[in-house]
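The values are calculated or read from the model by the stated rules, or taken from the named source; none is laboratory data. As the structure is a prediction and not an experimental result, all values here were calculated from the model. Note that each Cβ is placed from the backbone with ideal geometry, even for glycine, and that neighbours are counted across all protein chains shown. Accessible surface areas use protein heavy atoms only, side chains included; no ligands, DNA or RNA. Shrake-Rupley method; radii C 1.70, N 1.55, O 1.52, S 1.80 Å.
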Amino acid sequence: MSRNEQQRTIPVFVVVPPRALLLDIAGPVEVLRRANLEQTVIRFAVTYVGATESVHSSVGLELTGIAALPDRLPDDALVVVCGAVDEPLNAAAGAHAADAPAEARIVQWLARAIRPGIRLATICSGALLAARAGLLEGYECTTHHTMLPELIRLAPTARVRENRLYVEDRERLTSAGVTAGIDLMLALVAEAAGHATALAVARNLVIYLRRTGADPQLSPWLEGRNHIHPAIHRAQDAVGADPSRDWSVEMLAKVAATSSRNLSRLFNDHAGMSVTDYVNRMRIALARELVIGSRLDMESVAERAGFSSTRQFRRAWNRLHGTSPARLRVASS
């Protein structure tokens, strides 16, 4: 962390319901743990809360040390509501009926505690608890495909989406079944701590970035990263950290500790594109953020993104986008 960077803490409250699906907790929180290790600017401070001090998890493991649901949440908190299963391992059939009062307390707490300025994320069936609290009405959302009809019933004015890994609508973030919670948390890490941190976490967890035809477009920063080759990742990390630098194949080959010829071959084989194409894609990704997030003229955007001229920038842009930078700015404003 540089002297000019101040550490910011994001308080994260993980709501642990009865019969908690263990992967709904462990997957997303492991993403946050790794993000804390990868950088020092953003710290995710995790607290586990629930209606009871202990719960019987989906795999039969008892989870204890769960804090009480707090009376008030910090203004910038992230609340993560995990899902649950009907029949945990080694549990008696129908035993979940006794958990209804604890679930009701969670629903009542959510309705009372979630206010503007607090982000609510749900994993799998956690969306049903949020819906029962009235927190998804009027929002775009999703959940596990088997629970979509129930979500529609519980939140009749919500715009429920199917075949989506996760959906973000203002301060509501909902994800589909089980491991989609990891995808959602990676997106949150990318937003808070940067794309490089999210990529480093994903590689450490050996996660392949997934997409179906109906999913939101992958972030351009993640293109060409669906592999586990360390030499290519070293080169891609360098470009992602500073896209505007005058990168040559030779320079990146030194970063990757391989020859220029071998790096070119590896990029084509594993990233599905040439080294030059990858550099240009990262520059366009940076340029897109500048187009949407600033009022810089196109000449300044091109220069800051590393292009030698506005003409070169527009040529590279048109190969990847169907609309001009100016029109994108207008549409995004």
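Per-residue packing, averaged as other Cβ atoms within 10 Å, sorts the ranges 64-72, 266-274 into the order 266-274, 64-72, beginning with the highest. Take every DSSP beta bridge whose two residues both sit in the chain; close to 25 percent of them are antiparallel. What whole-number distance in Å separates the alpha-carbon centres of the range 144-189 and the range 1-73? The two parts, judged by their Cα centres, are 19 Å apart.
Each of T142, L128, V46 was placed along the dipole of the chain (beta-carbon charges, centred on the mean Cα), and the one lying farthest toward the positive end is T142.
I want the local charge near D99. Using Cβ-Cβ distances under 11 Å, sum +1 for each Lys or Arg and -1 for each Asp or Glu among the other residues. Around D99, the surrounding residues sum to 0.
Axis angle, to the nearest 10 degrees, between helix 230-241 and the longest C-alpha principal axis of the chain: 80 degrees. Counting only Cβ charges, +1 for Lys and Arg and -1 for Asp and Glu, the dipole size of the range 14-128 around its Cα centre is about 340 debye. Only helices enter this figure: runs of n ≥ 4 DSSP H residues, each worth -39500 (n - 2.57), summed and divided by the residues of the chain, yield -13000 deg cm²/dmol at 222 nm to the nearest 500. Within the accessible area of the chain, the carbon and sulfur atoms contribute 51%, probe 1.4 Å, all protein chains present.
Rounded to the nearest 20, the Cβ-based charge dipole of the chain about its Cα centre (Lys and Arg +1, Asp and Glu -1) stands at 1120 debye. Taking a point 7 Å from the Cα of A102 along the Cα-to-Cβ direction, the residues of the range 56-93 with backbone N closer than 15 Å to it are 56-69, 82-92.
Rounded to the nearest 10 degrees, the inclination of helix 100-113 to the longest alpha-carbon principal axis of the chain is 50 degrees. Extension gain for R153-V59 works out to 31.0 nm (0.36 nm per residue, less the C-alpha to C-alpha distance). Taking packing as the residue-averaged number of other Cβ atoms within 10 angstrom, the listed peptides 289-301, 115-127 run from highest to lowest as 115-127, 289-301. In degrees between 0 and 90, to the nearest 10, how far off the longest principal axis of the chain does helix 310-320 point, with axes built from Cα atoms? The answer is roughly 50 degrees. Summary of packing: across the peptides 144-152, 8-16, the per-residue average of other C-beta atoms within 10 Å ranks them, highest first, as 8-16, 144-152. The relative contact order of the range 60-202 comes to 20 percent, based on Cα pairs under 8 Å that sit 6 or more residues apart. Calculated accessible area for the chain comes out at 49 Å² per residue, all protein chains present (probe 1.4 Å; ligands, DNA, RNA ignored).
Please figure out what share of the DSSP beta bridges in the range 1-143 is antiparallel and state it in percent, rounded to the nearest 5. The antiparallel fraction comes to roughly 15 percent. Between A92 and I228, the simple spin-label model (points 7 angstrom out along Cα→Cβ) gives 4.4 nm.
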